[in-house]
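First comes the structure, then the notes that go with it.
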Amino acid sequence: MTQLSPGVVTGEDYKALVAAAKAGGYALPAVNVTGTNTLNAVIEAAAQAKSDVIVQLSNGGAQFYAGQGMPDGFQAKVLGAVAAAQHAHLLAKHYGICVVMHTDHANKKLIPWVEAMLDEGEKFYEKNGKPLFSSHMLDLSEETIDFNLGECARILGRMAKMGMSLEIELGVTGGEEDGVGSDVDESADNSKLYTQPEDVLQAYDKLTPIGHFSVAASFGNVHGVYKPGNVKLRPEILKNSQALVEERHGTGHNPLNLVFHGGSGSEKEKISEAVGYGVFKMNIDTDTQFAFSQPIGAFVEENPKAFKYQIDPENGTPYKKLYDPRKYLRAAETGIVTRLQEAFDDLGSNGKSLAV
Ligand SMILES: [Zn+2]
């Protein structure tokens, strides 16, 4: 059985983590974070479930991490991501589980963001002998497949030198994630929402000789949570892509590392089915945003005066202990910890941490 050191996993350890999840028939939640509260809560949740976990930042999440008030927004997107990764390198190992550090969707106009993070990553690698991030994502699914795979090959070439992995996207995940997304008609018969297995084979042929990569394939998944019936998940698309690569290249079972975007609000049976077809990572953002905010709403509702007065104007009660931000932010963190236990259960990663 694979055993790894706790903390941020990169390089060969990251590859072993992905392989172990697929072989073990489970997947890891990939949770978007926007600051230390959400990041710490995700790691705490994983430690409680004895599961490994993937932490990721969108470009907007990274900017927020650096501070929304930082004058240069682009610089904030780069440095915020670096700060989050350094935070995880310092603290994650003390929680006793493995943490993958990843960045989320980067479309064509965000290629410079990924390249700037790689500039920082190369400096970190030179100094520490390991990558700053485990992986990055390039989402060029709205471009032509030739442009998409050409850029992925170029960026992966740079990342592979450090043992990093690249997540690519083929087909279009509906909805939008932090300003990156599409205007496709989100109805179940829209073929753009379903990845073509031939495109996946083309990606496999082009990228396998260069380095480690994963594919966010679209099988009707949509970002955000919508009313039931709007989206029809068809995990068999994942199965067909795996089968095509396996047949053409005579590989073992489930040769591709697949990623499930838009996991929030999905039916449990479809999640298990997708994991059976080689999904090792399921993104969750919308559900944990609500899990973080909901307890704050409840706290304010229960203690309305503490959010209006430092001292009660009628009876003189001091409210310091209630308006201390730690009070409601801790409630919010606990909301994430609780919500994620359900995700670890759904994905079968409970008790499967490889950290020793
Ligand atoms: Zn996504």
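The values are calculated or read from the model by the stated rules, or taken from the named source; none is laboratory data. Here the structure is a predicted model, which is why all the values come from computation and not from measurement. Quick reminder, even Gly has a Cβ in these numbers, built from the backbone with ideal geometry, and neighbours come from all protein chains shown. Surface areas here come from the heavy atoms of the whole protein model, side chains and all, with no ligands, DNA or RNA. Shrake-Rupley method; radii C 1.70, N 1.55, O 1.52, S 1.80 Å.
Observations, loosely collected:
- The chain: relative contact order in percent, alpha carbon pairs under 8 Å with at least 6 residues between: 22 percent
- Between the helical axis of 111-128 and the longest alpha-carbon principal axis of the chain there is an angle of about 80 degrees.
- Check: the chain dipole with +1 on Lys, Arg Cβ and -1 on Asp, Glu Cβ, in debye: 1100 debye
- Protein accessible area in the chain, 1.4 Å probe - carbon and sulfur %: 51 percent
- Nearest 10 degrees, 0 to 90: helix 145-160 Cα axis against the chain principal axis: 70 degrees
- Sites SER293 and THR317, calculated FRET efficiency, Cβ-Cβ separation with R0 30 Å, nearest 0.05: 0.65
- If you plug the beta carbon distance of VAL300 and SER5 into 1/(1 + (r/R0)^6) with R0 = 51 Å, you get a FRET efficiency near 0.80.
- Here the extension length gained between TYR309 and LYS232 equals 22.8 nm, from 0.36 nm per residue of separation less the Cα-Cα distance.
- If the segment from THR251 to ILE111 were pulled out straight at 0.36 nm per residue, it would be longer than the present Cα-Cα gap by 47.2 nm.
- Taking trypsin sites (Lys or Arg not before Pro) in DSSP loop states with no more than 16 other Cβ atoms inside 10 Å as exposed sites, the chain has its longest site-free stretch at 51-160.
- Cβ-based charge dipole, the chain, positive-most Cα from GLY220, ALA274, ASN315: ASN315
- Placed amide H near LYS281: partners under 5 Å, 5+ positions off or other chain: LEU28, PHE260
- Applying a threshold of 29 Å to the alpha-carbon distances of LYS77/LYS305; LYS161/LYS270; LYS108/LYS130; LYS108/LYS268; LYS22/LYS268; LYS108/LYS161 flags LYS77/LYS305; LYS161/LYS270; LYS108/LYS268 as lying beyond it.
- The simple Förster model, with R0 at 56 Å and r as the Cβ-Cβ distance, assigns LYS327 and ALA243 a FRET efficiency of 0.60.
- Dipole of region 199-356 computed with +1 at Lys/Arg Cβ and -1 at Asp/Glu Cβ about the Cα centre; of GLN294, PRO255, LEU238, farthest Cα towards the positive end is GLN294.
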